[in-house]
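Computed from the coordinates by the stated procedures, all read-outs in this text should not be read as laboratory data. This structure is a prediction, so every number in the text was calculated from the model and none was measured. Note that each Cβ is placed from the backbone with ideal geometry, even for glycine, and that neighbours are counted across all protein chains shown.
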Amino acid sequence: MKKPTREDAQMVLQKAIAETDKKRVGSVYQPLESVRTQLDYLVEALAHKNDRQKLGDIIIGRYAAYEFEPSDPDYANILYEASNVASLMLKGRI
C-alpha cells in the first residue's frame, strides 16, 4: 500500500466533513458536533495552522464504533478513514 499523500488526506477529511454536515442538518446531536470540531482541527493541522498537540486526543474512531456503526455503517467507515488520517498525522507520516 502506498503512503497516503497530503492531498489524499485532505480528500478524506473533506468527505468526512461533507457527510457530517449532511447528518447535522436540522438536528443538534453532541457526537456529531464533536466529530465536526475534531475534523476541523485535523484540517487545520494538515495545513499547519495549529501546533498538532491535540492529535492524540482525536476520538473520531470511537464515535464511529459506538455511536454510528450500528445504525449507519457507511458513515462509520468514513469516520474510520478520517481516524486513520489522524493516526498517520500523529505518527508523522502525513
Taking segment 1-30 and keeping only residues that are surrounded by 10 or more Cβ atoms within 10 Å (Cβ to Cβ), aliphatic (A, V, I, L, M) and more than 14 Å from the chain's Cα centre (by Cα), one is left with none
Taking the residues in segment 1-40 that are part of a loop (DSSP other than H, G, I, E, B) and among the charged types (D, E, K, R) as candidates, determine which candidate is nearest to residue 55 (Cα to Cα). 3
Which members of segment 18-30 meet the condition of being over 15 Å from residue 80 (Cβ atoms) and in contact (Cβ under 8 Å) with a residue 12 or more places away in the chain? 21, 23, 24
Test residue 49 against the criterion of being closer than 24 Å to residue 5 by Cα and over 14 Å from the mean Cα position of the chain (by Cα), and give yes or no. yes
Which one of these does residue 40 not meet: (1) crowded, with 20+ Cβ neighbours inside 10 Å; (2) closer than 14 Å to residue 20 by Cβ; (3) within 11 Å of the chain's Cα centre (by Cα)? (1)
Residue pairs qualifying under the 6 Å Cβ cut-off, at least six apart or on distinct chains, with the first in segment 71-94 being in a helix (DSSP H, G or I) and the second being buried (at least 16 other Cβ atoms within 10 Å of the Cβ) and acidic (Asp, Glu), are 75/19; 76/69; 78/19
Give all pairs with beta carbons closer than 9 Å in which a residue from segment 45-61 that is assigned to a loop (DSSP other than H, G, I, E, B) meets a residue that is aromatic (Phe, Trp, Tyr) and surrounded by 10 or more Cβ atoms within 10 Å (Cβ to Cβ); count only pairs at least 6 apart in sequence or on separate chains. 50/41; 54/41; 58/41
